[in-house]
Structure formats: structure tokens, C-alpha cells
Amino acid sequence: MYRQRHSPTHTYRRRLTLTAAVLLLPLAAACGSEQADGERPGSGAVSAEQPVTGVRWNVDSVTVDGTTHRAPVGAHVEIRDGKAAGSYGCNNFTAKAAVEGDSVRFSDARSTRMACADQPMDFERTLAGTLAEGALSAEVDGSTLTLATADGDQVLLTRK
């Protein structure tokens, strides 16, 4: 029977190839196995957490004690560098804004004092009061941001 003789160099290359395969296989298997919270294993979907800051959010509505109040055109808020600025609907405002994890806290709010029609002023008081409730839970879902108080009142905003 015919037997092939292997040189020492051939044996060394074979061992090197086998060693590389053993070391790299687990690394290759780990690649792409990340998954976002709530994703199905193997779905291949990885999502980045969407920011609350650096985005102009238009206020759509405020729901307090089960009653939804539609926002006037122009009501918005933007949080950037520890500060918030925007419009309650007629009057502009600024405030300090602390974003920690999934909560936002507004403090030291100041606003202009322009006279506006009754309805925007009522809405402004409702929005300003809700934003000043303390720590608000913040949930971004696509282009929608929901800020919620501990009592369940909500501010619904959309990305411009």
C-alpha cells in the first residue's frame, strides 16, 4: 500500500490551520448574535436606543385625569445640553432638563407672558403643569415620544 510522507513543514502548517480554526470559530459564532431587548433570538434585528435629546418634538396633546387636550399649532419642546426650550402654544419657555435613563425632569421653567386667546392659555397651563410634575417617564416609539407622570397623565409628542 502506498503511504504519503509529510514533511515537518506540512505538519506544522496543518497544526497551525487547525489551531486557528479552533480559536476563531467561537468568535465567528458570536458575531451577529446580539439582540435588542424584547427581540426574538435569531431575528437579526438590533435597534439602537433612540434619543430624547437633540430632537424638536411637536406637542400633539396632553392627557390629564383622563381628558385629552389637543395642542395648538406651534407647541413644541427641544432638550439639549441640560436645557429645554420650546413653546407652550403661544408663550415660549426655557427650563433646566435632566435626562437620566428613561426619565426626564424639568425644573426652573420660565416663560414669556404674551396674551393669547383663552383656549391656548388653558392648554399652556395644563402643559406647563404636567411638565413640572417631577420625574416623567419617557418612551420613544419610532417618531413618537410619550412623557408620563407617576399619576398616569401624559404628554404625547412627535418628531418634526
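The values are calculated or read from the model by the stated rules, or taken from the named source; none is laboratory data. Worth saying up front: this structure is predicted, and the values here are computed from it rather than measured. In this analysis, Cβ positions are derived from the backbone assuming ideal geometry, glycine residues included, and neighbour counts consider all displayed protein chains. Side chains are part of the model used for accessible areas, which takes the heavy atoms of the whole protein and leaves out ligands, DNA and RNA. Shrake-Rupley method; radii C 1.70, N 1.55, O 1.52, S 1.80 Å.
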**Asked** Using beta carbons and a limit of 7 Å, which pairs, at least six apart or on different chains, have the first residue in the stretch 149-160 and in contact (Cβ under 8 Å) with a residue 40 or more places away in the chain and open to solvent by 60 Å² or more (accessible area, probe 1.4 Å) and the second one small (Gly, Ala, Ser) and not in a loop (DSSP other than H, G, I, E, B)?
**Response** Gln154/Ala148; Leu156/Ser61
**Request:** Select from the stretch 98-133 the residues that are β-branched (Val, Ile, Thr) and part of a helix (DSSP H, G or I) and write down the one among them that is least open to solvent (accessible area, probe 1.4 Å).
**Result:** Thr130
**Item:** Complete set of residues in the stretch 53-86 that are basic (Lys, Arg) and either within 15 Å of the chain's Cα centre (by Cα) or within 15 Å of Ser143 (Cα to Cα) (or both)
**Value:** Arg56, Arg80
**Item:** Matching residues, the stretch 54-68, being closer than 16 Å to Thr158 by Cβ and touching a residue at least 12 places away in the same chain (Cβ under 8 Å)
**Value:** Gly54, Val55, Arg56, Trp57, Asn58, Val59, Asp60, Ser61, Val62, Thr63
**Request:** Residue by residue through the stretch 71-106, note down the ones that are of a type in the set (A, V, I, L, M, F, W, C) and in contact with a strand residue (DSSP E or B) (Cβ under 6 Å, 6 or more places away or on another chain).
**Result:** Ala71, Ala75, Val77, Ile79, Ala84, Ala85, Phe93, Ala95, Ala97, Ala98, Val104, Phe106
**Item:** Leading residue by the ranking (nearest to Asp118 (Cα to Cα)) among those in the stretch 71-83 that are surrounded by 22 or more Cβ atoms within 10 Å (Cβ to Cβ) and in contact with an Asp or Glu (Cβ under 9 Å, 6 or more places away or on another chain)
**Value:** Ala71
